[in-house]
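The values are calculated or read from the model by the stated rules, or taken from the named source; none is laboratory data. All figures in this text were calculated on a predicted structure; none of them were measured in a lab. When we count neighbours, we look across all protein chains shown, and the Cβ atoms used for this are built from the backbone with ideal geometry, even at glycine. Just so you know, the surface numbers come from the protein's heavy atoms only, side chains and all, with ligands and any DNA or RNA stripped out. Shrake-Rupley method; radii C 1.70, N 1.55, O 1.52, S 1.80 Å.
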Amino acid sequence: MDIRTITVAGAGQMGSGIAQTAAESGFDVMLYDLDRQAAGRGIARIGKAISRSVDKGRLTEERKADILNKITLSSDLEDARGADLVIEAAPERMDIKKSLFRALDGICRQDAILATNTSSLSITEIASVTGRPERVIGMHFMNPVPVMPLVEIIRGMATSDEVFGSIRSLAQTLGKTPVEVRDFPGFVSNRVLMPMINEAVFAVYEGVAAPEAVDQVMKLGMNHPMGPLELADFIGIDTCLAIMETLYEGFGDSKYRPCPLLRKYAAAGWLGRKSGRGFYIYE
Ligand code: CAA
């Protein structure tokens with residue numbers, strides 16, 4: 001299928017990063033968010049990221065304007081009617097994803113592809129609320145989307161070969177490397193990453209070391225660009241907890257139990273960078 005117009009549903013850090021990447025690759029993008037102000041913050045985030053490239057002399061002001069002109073904002077999901085592809089980047093909750101996919105299924109053309117950027121939830125279950133499970137697929141980008149080369153591509157039980165092929169070649173057109181993984185909780189990325197982050201939180205919880213020390217060990221000892229707690233703040237403590245819950249429930253294995261301290265931070269609203277405080281404090 002020839003994909004030209006893309007709706008990104010959800011204008012948070014992942015949605016705005018996906019919209020930026022698609023616009024930079026020449027696609028017409030509609031960035032939708034139920035909350036008009038969130039859509040405004042999303043486009044402001046994109047403008048800021050592109051301005052950094054202009055300041056570094058990598059992009060011209062004209063190119064910046066061209067990219068921004070490719071993106072329109074909407075807070076009305078009906079505007080997704082003309083999209084060839086919708087990429088959903090809503091919060092990591094099955095009820096939210098299902099209600100969005102149910103609505104999109106009623107709005108979008110029969111041949112449109114509905115993709116989800118879920119980081120851990122079942123593609124098969126999300127697809128089950130639509131009348132087109134063969135046109136539903138997982139397309140999991142990494143944060144920050146414009147920088148990270150990976151896209152995990154996940155078929156649901158009914159996803160067609162044609163849709164899989166279209167999405168794999170779209171990922172390449174976006175300058176990413178697609179890697180196919182199976183539809184199991186957390187796929188590969190978060191099945192491996194989140195238990196490491198959770199274990200780092202346990203190390204703080206049990207008084208083994210302070211957050212700074214845990215992060216230093218992993219950065220200096222393992223060459224990670226960010227320590228696991230810095231990364232948890234970057235991803236969002238609420239998202240990390242939601243993913244651990246999905247692993248814990250999905251596998252029924254106690255090795256995935258979320259650290260009580262992770263729960264406490266989420267309950268306190270200490271969600272990391274986005275709330276100004278997590279394991280670290282942000283200006
Ligand atoms: N948007 C666009 N570009 C960004 C950016 C953003 N939000 N943040 C950084 N960049 C760009 C910078 O402009 C810079 O570009 P140039 O090299 O071309 O100048 C480049 O990235 C490097 O940035 P910095 O020099 O400012 O900082 P850095 O070298 O410390 O790198 C980082 C920043 C790329 C974020 C790096 O720290 C890193 O790779 N961290 C780990 C990120 C990671 O693990 N992501 C996966 C998270 S898990 C996930 O996303 C899956 C999930 O489901 C939870």
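Overview of values
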read-out	value
Relative packing of peptides 1-8, 84-91 - highest average C-beta neighbours within 10 Å first	84-91, 1-8
Accessible-area ranking of R273, R102, R155, largest first, probe 1.4 Å	R102, R273, R155
Dipole magnitude of the chain about its Cα centre (Cβ charges: Lys, Arg +1; Asp, Glu -1), debye to nearest 20	360
Residue-averaged [θ]222 nm for the chain, counting only DSSP H segments that reach four residues, each worth -39500 (n - 2.57)	-15000 deg cm²/dmol
Distance between region 1-59 and region 147-199 - C-alpha centres, whole angstrom	20
Solvent exposure, largest accessible area first (probe 1.4 Å, DNA, RNA and ligands not counted), of D161, D233, D33	D161, D33, D233
Dipole of region 87-191, positive direction: furthest Cα of L170, G186, A158, with charges on the beta-carbon	G186
Hull shadow area, averaged, the chain [alpha-carbon convex hull, nm²]	14.8
Nearest-ten-degree value, helix 237-251 long axis tilted from longest Cα axis of the chain	90
Hits among lysines - C-alpha to C-alpha of K274 under 21 Å, sequence gap 8 or more where chains match	K48, K264
Pairs of Cα atoms farther than 14 Å apart, region 200-270, %	62
Length-normalised contact order of the chain in % [C-alpha pairs under 8 Å, at least 6 apart]	14
Solvent exposure of the chain as accessible area per residue, Å², 1.4 Å probe	47
Ordering of 223-230, 209-216, 10-17 by burial proxy (mean other Cβ atoms within 10 Å per residue, highest first)	10-17, 223-230, 209-216
